[in-house]
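Have a look at the structure below, then the notes.
Readers should treat all values here as calculations from the given coordinates under stated rules, not as data from a laboratory. Nothing here was measured: the structure is a model prediction, and the numbers come from that model. Here the Cβ positions follow ideal geometry from the backbone for every residue, glycine too, while neighbour counts run over all protein chains shown.
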Amino acid sequence: MKRHLFALLCVFPMSAQAEIYKAVDAEGHVTYSSTPIKGGKKIILEPLPTMMPPGKARAPDSFPRVDGETQKNRDDTRFMILQNELAAEEKLLGEARQKLQEAEANPEVFRGQDGKTYRDVAKYDEKTKPLQAEVDLHQRNIAALRTELSKLK
């Protein structure tokens, strides 16, 4: 039973083929149809060529090779550079956070005509938004450096 079902399933895709007819009327309009059209011609299409996927590219034999010790030295140097950049970014992040805290602690104020003190929200936002953007930038840089370092370990 399974053999008959398998044979039937193998033949089934062949029934999916259709004939295509093309007709051009007096006004030049082109009509395509799967059923015969009066004055239409059957179009015979060649099957699309299938290509094998290209083989994996190999470096030529004459291509210079790097020995393991040289590569290890390069990796160690890269790791140290990234560590130094991470330390510098963390220091800059601390400084940026300090500036932001100082700006938030000293809001912009003004005295109204009635003698009361009011906060100037526009000036406060103008002062704190760039500082917050700087903090966010350093946080993103630190995350990117940590990702790079984790790839090297």
*What is the helix-to-structure angle for 68-105, meaning the angle in degrees between its Cα long axis and the longest Cα principal axis of the chain, kept from 0 to 90 and rounded to the nearest 10?*
60
*Sparse-neighbourhood loop sites, GluC sites (Glu not before Pro) in region 25-118 - DSSP loop, at most 11 other Cβ within 10 angstrom*: E27
_Can you compute the FRET efficiency between N106 and L137 using 1/(1 + (r/R0)^6), with r the Cβ-Cβ distance and R0 = 25 Å? Round to the nearest 0.05._
0.65
*Additional length obtainable on full extension of the chain from A26 to K116, 0.36 nm per residue less Cα span*: 23.7 nm
*What's the exposure ranking of H29, H138, going from fewest to most Cβ atoms within 10 Å?*
H29, H138
*asked:* If I fit a long axis through the Cα atoms of helix 2-11 and take the longest principal axis of the Cα atoms of the chain, what angle between them do I get, 0 to 90°, rounded to 10?
replied: 90
*Could you tell me whether region 45-124 comes out rounded, prolate or oblate from its Cα gyration tensor? Rule is a ≥ b ≥ c as square roots of the eigenvalues, rounded for a/c under 1.5, then prolate if a/b exceeds b/c, otherwise oblate.*
oblate
*For K123 and I37 in the same chain, what is the full-extension length gain: residue separation times 0.36 nm, less their Cα-Cα distance, in nm?*
23.4 nm
_Compute, for region 68-152, the length of the dipole vector about the Cα centre, with Cβ point charges of +1 (Lys, Arg) and -1 (Asp, Glu) only. Units Debye, rounded to 20._
80
*Taking Cα centroids, how far is region 20-75 from region 105-153 in Å?*
53
*Hey, got the dipole for the chain? About the Cα centre, +1 on K and R Cβ, -1 on D and E Cβ, debye to the nearest 20?*
860
*Using θ = phi - 60° and Karplus 6.51 cos²θ - 1.76 cosθ + 1.60, couplings along region 23-31 (whole Hz; Gly, Pro as x)*: 9, 10, 7, 5, 8, x, 6, 9, 10
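Name the shape class, rounded, prolate or oblate, that the alpha-carbon gyration tensor gives for the chain, where a ≥ b ≥ c are the square roots of its eigenvalues, rounded holds for a/c under 1.5, and otherwise prolate holds if a/b is larger than b/c and oblate otherwise.
Oblate, since a/c reaches 1.5 and b/c is not below a/b.
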*Listing S150, S33, S62 from the residue with the fewest other Cβ atoms within 10 Å to the one with the most, what is the order?*
S62, S150, S33
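Within region 59-138, which trypsin sites (Lys or Arg not before Pro) sit in a loop by DSSP and count at most 12 neighbouring Cβ atoms inside 10 Å?
R65, K116
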*Counting each DSSP H run of 4 or more residues in the chain as -39500 (n - 2.57), what helix-only mean residue ellipticity at 222 nm follows after dividing by all residues, to the nearest 500 deg cm²/dmol?*
-18500 deg cm²/dmol
*Listed residue (S34, P53, I142) projecting farthest to the positive dipole end of region 25-153, Cβ model*: S34
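Over 30 Å between C-alpha atoms is what I'm after, so list which of K56/K151; K56/K153; K91/K123; K91/K116; K129/K153; K91/K127 land there.
K91/K116; K129/K153
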*Taking K41 as the anchor, which aspartates and glutamates have their alpha carbon closer than 16 Å to its alpha carbon, excluding any fewer than eight residues away along the same chain?*
E19, D25
